[in-house]
Amino acid sequence: MTTSSSSKIQTVTELTRSLKGILETGFSFVAVCGEVSNLKQPYSGHLYFTLKDHDAQLRAVMFKLQRRYLASPFADGEQVICRGRLSVYEPRGEYQMIVDSVEAAGFGDKLAAFAKLKEKLYREGLFAEEHKRRLPLLPQGVALITSPQGAAIHDFLTVAARRFPSVPIEVFPVSVQGSGAAVEIAAAISAACQRRKADVIVVCRGGGSVEDLWPFNDEALARAVWRADLPVVSAIGHEIDVTILDYVADCRAPTPSAAAEMVLPEREQLRREVRQHTVRQQSVLNGKLIQLRHRLSLQTRLLSNPARIVASFQLRIDFLATRLLHSINGRIQAGGQKLGHLRTLVSRHNPQVLLARHQTALAGMRQRLVNQRQRLVERRRARLTQCTAVLRSVSPQAVLDRGYAIVQHIPGGEIVKSADGAHPDDQLSLRLSDGVLMCRVEGDALP
């Protein structure tokens, strides 16, 4: 067979692989909405199905590793949104979609609303750790808010009866799905807080689809939990199911059974711990008692016979008393000798003679002091007369007495120093030697 130089003969495998490369490169990520049909699940665990609409269909496969991320299973006839990539199944030469995630049609809007509400409540502090309260070690009562017909209440009560059956559990029956469920749950939380018969509130329900669990994403319910006076435990769905209630609650349990284990301690385990603490305390007390007895024995040996210690102190006291007596007598004799010496000195220096001599000197000093004071007063008086004359010659009053005046503005009191400082109609005061004159400026200053 002859071919042109511009063409190349390819095998089916080469052409199929080329098409596969084009699809995987050009459609590395797609989101497709359609109806599920021909859903199959072989032993491999993979899911094979077809997406179709009125005019076309597309084969799809979801591998086993990706199935664990499914929020809920889907079935034939459901409208879903699949996200993934396009590829070619080479053995059949068919193109298909490798699906990474599947969600119900319309779930994207709910997911966006969920994210928006979550961000809003987070910014307001409803998820803050410092607001969350610790659960009591042994509650006096439990308020269980759930549906009376579901399996969740049976699981919770079964575990509670096994762990600590004496703790009373008050059930608040509510709807756990549907449009009015959030309002009923919020009202039950408020009622449990008002009754004050429980120390903790548990809100639980079994697993379900995202639509079934949607009432637990209600904003009013979240705020009711945040305002509650009692700690609230959220046990909604399975471990992979996360709702707004899980974020705002004080504690989250993956299942209703786990919530019962979280809220109620195991009675036998608690008894064992009490016994262990009792034995430990008794051991500590016995050790402390032995230590004190040993210390008492040691102190007793160090103290020895009290009578001998008292006799020793009595001998020491007698010795110190004798030394004190000798010391006092010595000081008395030394004082007597010093007193005799002082008497000799006093007799040699008669106080009356010394007094007369000092009186004469004092009279002379008094006279000199009087003379000096009189001369000082006269000098100060002459200086005062001189200064008074000088002050009178330079005082403003003397200047006014010579015919001058002080001109000031009214009001304000600014002094007018030149003719340019006053203007027509200005009010002025003229201070003379014997009084003040008020005047008004009639015109501009003359040259």
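Laid out as a table, the results:
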{"item": "Helices (runs of 4 or more DSSP H) contained in region 174-248 and holding at least 3 residues in contact with a helix residue (DSSP H, G or I) (Cβ under 8 Å, 6 or more places away or on another chain)", "result": "181-195, 219-227, 244-248"}
{"item": "First in region 169-197 and more than 23 Å from Gly208 (Cβ to Cβ), second anywhere and assigned to a helix (DSSP H, G or I) and among the charged types (D, E, K, R), Cβ under 9 Å, 6 or more apart", "result": "Glu170/Arg195; Ser190/Arg227; Cys193/Arg227"}
{"item": "Candidate set: region 181-208, residues that are over 30 Å from the mean Cα position of the chain (by Cα) and among the basic types (Lys, Arg); chosen: the one surrounded by the most Cβ atoms within 10 Å (Cβ to Cβ)", "result": "Arg205"}
{"item": "Single match in Glu211, Glu261 (criterion: surrounded by 12 or more Cβ atoms within 10 Å (Cβ to Cβ), among the acidic types (Asp, Glu) and within 18 Å of Ala151 (Cβ to Cβ))", "result": "Glu261"}
{"item": "Condition check for Lys64: in the same structural domain as Ile98 (by TED's automatic domain parsing), in contact with an Asp or Glu (Cβ under 7 Å, 6 or more places away or on another chain) and modelled with pLDDT of 85 or more", "result": "no"}
{"item": "One residue from Val232, Val248, Val263, Val242 being more than 27 Å from the chain's Cα centre (by Cα) and closer than 22 Å to Gly125 by Cβ", "result": "Val242"}
{"item": "Lone unmet requirement of (1) in contact (Cβ under 8 Å) with a residue 60 or more places away in the chain; (2) within 30 Å of Leu65 (Cβ to Cβ) for Leu138", "result": "(2)"}
{"item": "Residue in region 378-396 that is within 30 Å of Val441 (Cβ to Cβ) and part of a helix (DSSP H, G or I) present", "result": "yes"}
{"item": "Check on Arg383, exposed (fewer than 10 other Cβ atoms within 10 Å of the Cβ) and of a type in the set (Lys, Arg)", "result": "no"}
{"item": "Single unsatisfied condition, Leu126 versus (1) free of Cβ contacts under 8 Å to residues at least 24 places away in the same chain; (2) part of a loop (DSSP other than H, G, I, E, B); (3) buried (at least 17 other Cβ atoms within 10 Å of the Cβ)", "result": "(1)"}
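Let's see how each residue does on (1) surrounded by 10 or more Cβ atoms within 10 Å (Cβ to Cβ); (2) touching a helix residue (DSSP H, G or I) at 6+ places or on another chain (Cβ under 7 Å); (3) closer than 30 Å to Cys439 by Cα:
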site	(1), (2), (3)
Ala311	yes, no, no
Val353	no, no, no
Thr388	yes, no, no
Leu400	yes, no, yes
Tyr404	yes, no, yes
Val407	yes, no, yes
Ile410	yes, no, yes
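The values are calculated or read from the model by the stated rules, or taken from the named source; none is laboratory data. Predicted, not measured: the structure shown is a model, and the values here were computed from it. As a convention, Cβ positions derive from the backbone with ideal geometry for all residues, glycine included, and neighbour counts pool all protein chains shown.
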